[in-house]
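None of the figures in this text is laboratory data; all of them are computed from the coordinates on show. Note that the structure is predicted; figures quoted are calculated from it, not measured. Backbone-built Cβ (ideal geometry, glycine too); neighbour counts: all protein chains shown.
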């Protein structure tokens, strides 16, 4: 197990211009995997028995110029392509995208803004102050259990003014929906063709237009599988143009898709399928219709009825069968499971980076008012704000890699390491253990693994940072 961790982490050596920065990256990623609490970098110092003087060095690492989150992202995608048992559908990998809102109330923290939460959970406020992340993951595993390995996360709202300081830069200037499609294309170039699973929020004309542009400009083609709202309308194909003057029609008869559950109930087909891990009897109707006012792109709509639930699924790939579309969209929820593990097990969003150069957060700023960041004209202050934003995204990117490595360990060693099933669970996994189980095993066994593999670069790096005078260090390692 430690050998796989060592091989994966050593693959990132080329991302760092200095050896010291690479060593701190190794320490931080391993620390995120095994720490027993989420109290920042302090917890890494405690759980790896590091010397206290290294605390400032780890804080400085996130603002270091020796690396960039972008280089880590590309290297991580190559590692996933090499080590992960990916799911392929018709020769294409399956990507999953979604947005994630994290509450943050730092008054001098870049990217914090007022966000609206659409949730049925009464414990969540309708409006919060925080960060909006866009995430892209990839499905990997086995039929017994699929993981959504996170590939990338970055801030996609509240940072337009910061990236707008660079003259002519279009980075992060597009909407959250368009940025998600663009980030998926970056991943698709590494893995080849891809299917991107998104929820119904992302079915928009701007997303479809960006998808078309990306397919024209890139060799790696990508298609969307998503969901439509119940009030969606679509159009039949136009009838052939009649002789005479006038332009040919762009659309045919308008259809309210929700009404088709009643008017075309006799045309629905029935199949037994596995949805969210359970076998369900599903009725569905597959139609190819035009969608989008002014766009009129042909999409494949699948009207689904299972139990008392009604759904309208959509695919830009007209070659996919209705059953494939239903099965694929059922995998979309895997990214929500990954968000939960990143929050609760890894503590991926426990960062506390801020800058005194950042204008104080105005909680009562109205829509349309001038962004206070536009008043920051001093180049030194702008640089400090950019470094703080980069530290936030760098911390999250390290957490993404830590989460992915834990998932790779679960997939690789669940059937080969009986010790992974060491702890009591009311409903134990029969095949592949969870991320929390792997992390609990590493906490218990990491120092023993170090003692068994003293020659590994991973072992040497962490031992060089440990406090030799610590009274428990030798006993833990023995």
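If you take the beta carbon distance between residue 297 and residue 443 as r and set R0 to 41 Å, what does 1/(1 + (r/R0)^6) give as a FRET efficiency, to the nearest 0.05?
The value I calculate is 0.20.
Report the FRET efficiency, 1/(1 + (r/R0)^6), for residue 254 and residue 55, where r is their Cβ-Cβ distance and R0 is 60 Å, rounded to 0.05.
Details: r = 63 Å, r/R0 = 1.06.
Step by step, r from the Cβ atoms, then E = 0.40.
Give me the number: length gained by fully extending residue 318 to residue 175, i.e. 0.36 nm times residue separation minus the C-alpha to C-alpha distance, one decimal in nm.
Extending this stretch completely gives an extra 48.8 nm.
Take the alpha carbon gyration tensor of the range 181-296, find the square roots of its eigenvalues, order them as a ≥ b ≥ c, and report rounded if a/c is under 1.5; if not, report prolate when a/b exceeds b/c, else oblate.
oblate
Using only the alpha-carbon atoms of the range 62-118, report the extent along each of the three principal axes, biggest first, to the nearest angstrom.
47, 39, 12
Report for the chain the percent antiparallel among DSSP-assigned beta bridges with both residues inside it, nearest 5.
90 percent
Go ahead and estimate [θ] at 222 nm for the chain from helices alone: -39,500 (n - 2.57) per DSSP H run with n ≥ 4, summed, over the residue count, rounded to 500.
It comes out at -11500 deg cm²/dmol, rounded to the nearest 500.
Can you compute the modelled spin-label distance between residue 124 and residue 7, with each label point 7 Å from Cα toward Cβ, in nm?
Computed distance between label sites residue 124 and residue 7 equals 3.9 nm.
Helix 379-413 sits at what angle to the longest principal axis of the chain, using alpha carbons and giving 0 to 90 degrees rounded to 10?
90 degrees
Efficiency by 1/(1 + (r/R0)^6): what FRET value for residue 281 and residue 209, r their Cβ-Cβ distance, R0 = 45 Å, to the nearest 0.05?
Efficiency at R0 = 45 Å is approximately 0.75.
Arrange 385, 275 by Cβ neighbour counts within 10 Å, fewest through most, would you?
Ascending Cβ contact count within 10 Å gives the list 275, 385.
Å³ per residue of the Cα convex hull, for the range 144-213? Before the final figure, lay out the partial values.
Numbers: hull volume 9.1 nm³, N = 70.
Hull volume over Cα atoms, normalised by residue count, gives 129 Å³.
Quick one, can you get me the convex hull of the C-alpha atoms of the chain expressed as volume per residue in Å³?
Taking only Cα atoms, the chain has a hull volume of 188 Å³ per residue.
Would you calculate the volume per residue, in Å³, of the smallest convex hull containing every Cα atom of the range 255-337?
It is 110 Å³ per residue.
Fewest Cβ neighbours within 10 Å first, please rank 201, 331 accordingly. All intermediate terms of the calculation are to be shown ahead of the outcome.
Details: 201 16, 331 19.
Starting with the residue having the fewest Cβ neighbours, the order is 201, 331.
Quick check for you: which residues of the range 65-92 have the amide N under 17 Å from the point 7 Å beyond the Cα of residue 431 toward its beta carbon?
Answer for the range 65-92: 85-89.
Dividing the alpha-carbon radius of gyration of the range 1-44 by 2.2 N^0.38 Å (N being the number of residues), what value is obtained?
Dividing the Cα radius of gyration by 2.2 N^0.38 Å gives 1.24.
Cα convex hull of the range 45-174: mean projected area in nm², to one decimal?
For the range 45-174, averaging the hull's shadow over all directions gives 13.1 nm².
Using a simple spin-label model with points 7 Å from Cα along the Cα→Cβ vector, what separation in nm is obtained for residue 74 and residue 464?
Placing both labels 7 Å beyond Cα along the Cβ direction yields 2.6 nm.
If the chain between residue 375 and residue 453 were fully stretched, how many nm would it gain, using 0.36 nm times the residue separation less the Cα-Cα distance?
That works out to 22.6 nm of additional length.
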